[in-house]
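Below: one structure, written as structure tokens.
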Amino acid sequence: MSKFNFEEGELEQLRDRLSQILPPEAREDFQKLCEGVELGLRSHKIMCSIRPLVSAVWVNMNEKQDPNRFAVERMIKDIDGVLCYWVVPGEGEEPEAVE
């Protein structure tokens, strides 16, 4: 699976280049679009960082048969759902499930 090949630095460069090309009335709309993309990129990084921690907590809770482990399991499924949303299959690839 290929993920977005886009980083915050590249977004800043794109924003600078297009602000020179676009007319002033279109710059504000484009700025709003860039802010949404930037928020999405940061959210994806955070979710990718949090998932291993939540998984480790679930493993520990499962070993102890903690009744609250089901809430953590649902949290992992929600995180996987968000991460699958951001994963875009490359050409000729079929979508894969997030483990």
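For segment 86-99, check the following and say yes or no: at least one residue is β-branched (Val, Ile, Thr) and either loosely packed, with under 10 Cβ neighbours inside 10 Å or modelled with pLDDT of 80 or more (or both). No, because not a single residue in segment 86-99 is β-branched (Val, Ile, Thr) and either loosely packed, with under 10 Cβ neighbours inside 10 Å or modelled with pLDDT of 80 or more (or both).
If you go through segment 1-36 and keep only what is surrounded by fewer than 10 Cβ atoms within 10 Å (Cβ to Cβ) and at pLDDT below 80, you end up with Asn5, Gly9. For first residues located in segment 54-65 and farther than 17 Å from Asp80 by Cβ, partners that are in a helix (DSSP H, G or I) and of a type in the set (D, E, K, R) and lie 6+ apart or on another chain with Cβ distances below 7 Å form the pairs Met61/Arg69.
A Cβ distance below 7 Å, combined with a sequence gap of six or more or placement on separate chains, defines the contacts here; from segment 14-27, residues that are closer than 18 Å to Glu38 by Cβ reach residues that are not charged (D, E, K, R) in the pairs Arg15/Cys34; Leu18/Phe30; Leu22/Phe30; Arg27/Ser19.
The values are calculated or read from the model by the stated rules, or taken from the named source; none is laboratory data. Being a predicted model, the structure only gives us computed values, none of them experimental. Because the Cβ atoms are built from the backbone with ideal geometry, glycine has one as well, and the counts that use them run over all protein chains shown.
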